[in-house]
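The values are calculated or read from the model by the stated rules, or taken from the named source; none is laboratory data. Remember, predicted model here, so these are calculated numbers, not experimental data. Positions of Cβ are generated from backbone atoms using ideal geometry, with glycine treated the same way; all protein chains shown enter the neighbour counts. Heavy atoms of the whole protein, side chains included, go into the accessibility calculation; ligands, DNA and RNA do not. Shrake-Rupley method; radii C 1.70, N 1.55, O 1.52, S 1.80 Å.
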Amino acid sequence: MDTVWLGEVAYREALDLQLSYLDRRATRRIPDTLLLLTHPHVYTLGRAGDEANLLVSRETLASEGISVERVGRGGDITYHGPGQLVGYPIVLIEKPDVHKFVRSIEAALIDAVRAFGVESRRIDGLTGVWAGERKIASIGVGIRKWVTYHGFALNVTTDLSRFRRIHLCGLKGREATSIAEETGSAPAMEEAREAVVAACDRHLERFA
């Protein structure tokens with residue numbers, strides 16, 4: 001799997017880029033590719049996400065320069081912003097099994113955060129990765145032309161107060177955490193990126 005580090009990219013720009021990669025992957029002009037980046041502050045709602053899970057008005061957010069985007073992934077509402085590593089795997093799945101693909105992403109992220117001394121897990125029925133009872137990584141994927149897009153967001157040094165403005169992933173009472181919160185130290189984004197790339201190489205290779 002190829003890996004491309006994009007730095008900070010606005011959400012809509014990143015979506016257009018994903019679709020470009022998706023079209024090229026569907027016609028086999030490029031290999032499976034993991035796009036890694038960060039976003040400026042943005043809240044995103046999945047296809048069936050409930051607007052009631054946004055706890056502040058769009059007007060308030062707009063006054064702060066923060067957008068709310070409705071997008072074509074699974075899952076409800078989440079936050080993206082500085083200090084969070086976002087990954088968009090553009091992967092051709094010959095026999096689409098999105099459930100298996102999501103479980104593989106979870107396994108990769110569990111491995112990745114273990115490299116920093118954070119023990120995490122899946123919780124049945126709750127997509128994502130959890131450190132104790134707090135969510136350290138969110139996952140929401142889409143599929144088009146048998147190619148995956150959208151992906152995951154891992155909290156590295158994320159400002160966790162941003163999650164208090166939503167019911168995280170539509171789950172009332174659930175809180176977010178980060179590698180920095182769990183360990184008491186702030187890893188460099190480059191270190192987190194390297195750990196995630198290595199783990200994705202191991203767990204997503206079965207789809208290659």
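Residues in the stretch 62-71 that are touching a residue at least 40 places away in the same chain (Cβ under 8 Å) and open to solvent by less than 40 Å² (accessible area, probe 1.4 Å): Glu69, Val71.
Looking at the stretch 72-172, the strands (runs of 3 or more DSSP E) lying wholly inside it that each contain 2 or more residues that are open to solvent by less than 20 Å² (accessible area, probe 1.4 Å) and among the small types (Gly, Ala, Ser) sit at 126-131, 134-144, 147-155.
Pairs are defined by a Cβ separation below 7 Å, a sequence spacing of at least 6 or placement on different chains, a first member in the stretch 105-134 that is without any contact (Cβ under 8 Å) to a residue 40 or more places away in the chain, and a second member that is of a type in the set (A, V, I, L, M) and not in a strand (DSSP E or B); the pairs so defined are Ser120/Ile110; Ser120/Val113; Arg121/Ile110; Val129/Leu109; Val129/Ile110. Of all the numbered requirements in (1) closer than 25 Å to Val129 by Cβ; (2) without any contact (Cβ under 8 Å) to a residue 24 or more places away in the chain; (3) not basic (Lys, Arg), Pro40 misses one, and that requirement is (2). With respect to Ala176, is the statement that it is aliphatic (A, V, I, L, M) and at pLDDT 95 or above true? For Ala176, the condition - aliphatic (A, V, I, L, M) and at pLDDT 95 or above - is met.
Restricting the stretch 18-52 to residues that are part of a strand (DSSP E or B) and among the hydrophobic types (A, V, I, L, M, F, W, C) leaves a set whose member that is surrounded by the fewest Cβ atoms within 10 Å (Cβ to Cβ) is Val42.
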